[in-house]
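Read the structure below first, then the notes.
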Amino acid sequence: MMSDTYCPDCKKNTEVVCDHAAGDTVCSECGLVLEARSIDETSEWRTFADDSGDHDPNRVGGPVNPLLGDAALSTVISRATNGANVDMSLTRLQNRGGDPDRALVLAFKTISSMADRLSLVTTIKDRASEIYKRLEDQKCTRGRNLEALVAACIYIACRQESKPRTVKEICSIVAGATKKEIGRAKEFIVKQLKVEKGESMEMGTIHAGDYLRRFCSNLGMSNEEVKAVQETVQKAGNFDIRRSPISIAAAIIFMITQLSESKKPLRDISLATTVAEGTIKNAYKDLYPHATKIIPEWYSKERDLKNLSSPKS
């Protein structure tokens, strides 16, 4: 391959020859090696596939996984297709030996699938995989519902990463486990990991504000309404409202939307927050006496607080 490059011996631009086999760049006039052992960074589109018709030039496996025994770097002998003449004894020997990480690989795939359906970030996915690996190391997963354990690992990972999801949200994308089974699996995991470390497992504290962005987005609320909800939640923390954080979040969303032009029906809020309508009403009843103190003045001064429905109605 010929190209023009400046040669320090010739003191001018000369044609050079690129020898890809040796990795040298040589001046065509004086023979000076201008560059040695250069690396070709372009794509290599040769294929090493057999006659099975597979001409995919990619020759890499999956990413390295430090949670697996061989870091996912082991060689897998695939079965021949289209009757290709391949020694099947290698495949039989591989199958006979078994894969000690087969259960882990299946669990990690299930975690990845569930995390993608919940739109979770990679850090949460990795944390859930680490939790399951610790369970597997204790040999306590055999005979238990895999999907319930995986869902519980994701629930705990979300809390530890300060991005909590409700059990109902996780249950909605799990086909093989009920809400009660996921709850039991969560308690089992906390108990087992407590035995492993000899101390209580840190789960992270849940606050009502942790759910607001997602719930408000699901309801299509405006930026002004979202800001009002966030400030109301912060002020509500100064009062002794003995309700769960998710119930308080749902009730405050219901309270703020009543003062806006786009009022949201209680049923829509219940669906978006996965909180029962009756639970939202009970939390709203506890918050209603403090409405004038918790709703921001900049939001309420342009709106009549009398528009708030009485909890008795």
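Quick one: length gained pulling residue 168 to residue 203 fully straight, 0.36 nm per residue minus the C-alpha distance?
10.8 nm
Using 7 Å Cα-to-Cβ label points, what is the residue 192/residue 262 separation (nm, one decimal)?
Those two pseudo-labels are separated by 4.5 nm.
Over segment 206-266, average the accessible area per residue using a 1.4 Å probe and give it in Å², no decimals.
I get 48 Å² per residue for this part.
Full extension from residue 38 to residue 309: what is 0.36 nm times the residue separation minus their Cα-Cα distance, to one decimal in nm?
Going from the current span to full extension adds 90.0 nm.
What's the magnitude of the charge dipole for segment 124-252 around its Cα centre, counting Lys and Arg as +1 and Asp and Glu as -1 at the beta-carbon? Answer in Debye, nearest 20.
380
Once neighbouring chains are kept in place and the probe is 1.4 Å, which whole percent of the accessible area of segment 104-211 is contributed by carbon and sulfur?
46
At 7 Å along Cα-to-Cβ for each site, give me the label-to-label distance between residue 222 and residue 64 in nm.
Reported label-point gap for residue 222 and residue 64 is 5.3 nm.
Which one, 183, 276, 223, is farthest towards the positive end of the dipole of segment 142-286 when Lys and Arg carry +1 and Asp and Glu -1 on their Cβ?
The Cα lying farthest towards the positive end belongs to 183.
Once phi is turned into θ = phi - 60°, what whole-Hz ³J(HN,Hα) does the Karplus curve with 6.51, -1.76 and 1.60 give for every residue of segment 235-248, x standing for Gly and Pro?
Karplus values, whole Hz, x for Gly and Pro: 5, 5, x, 7, 10, 8, 9, 8, 9, 5, x, 5, 5, 5.
Percent of accessible area on segment 250-301 owned by carbon and sulfur, 1.4 Å probe?
Carbon with sulfur: 49 percent of the solvent-accessible area.
Just how far, in whole angstrom, is segment 253-313 from segment 104-165 if you go by their alpha carbon centroids?
35
Nothing charged except the Cβ atoms of Lys and Arg (+1) and of Asp and Glu (-1): what's the magnitude of the dipole of segment 182-313 about its Cα centre? Round to the nearest 20 debye.
Computed charge dipole of segment 182-313: roughly 360 debye.
Along Cα→Cβ, 7 Å out, is where each label goes; now give me the distance between the ones at residue 271 and residue 184 in nm to one decimal.
3.2
The values are calculated or read from the model by the stated rules, or taken from the named source; none is laboratory data. What you are looking at is a predicted structure, and each value in this text was computed from that prediction instead of being measured. Glycine also receives a Cβ, built like all others from the backbone with ideal geometry; neighbour counts cover every protein chain displayed. To get the accessible areas, we keep the full protein, side chains included, count just its heavy atoms, and leave off ligands, DNA and RNA. Shrake-Rupley method; radii C 1.70, N 1.55, O 1.52, S 1.80 Å.
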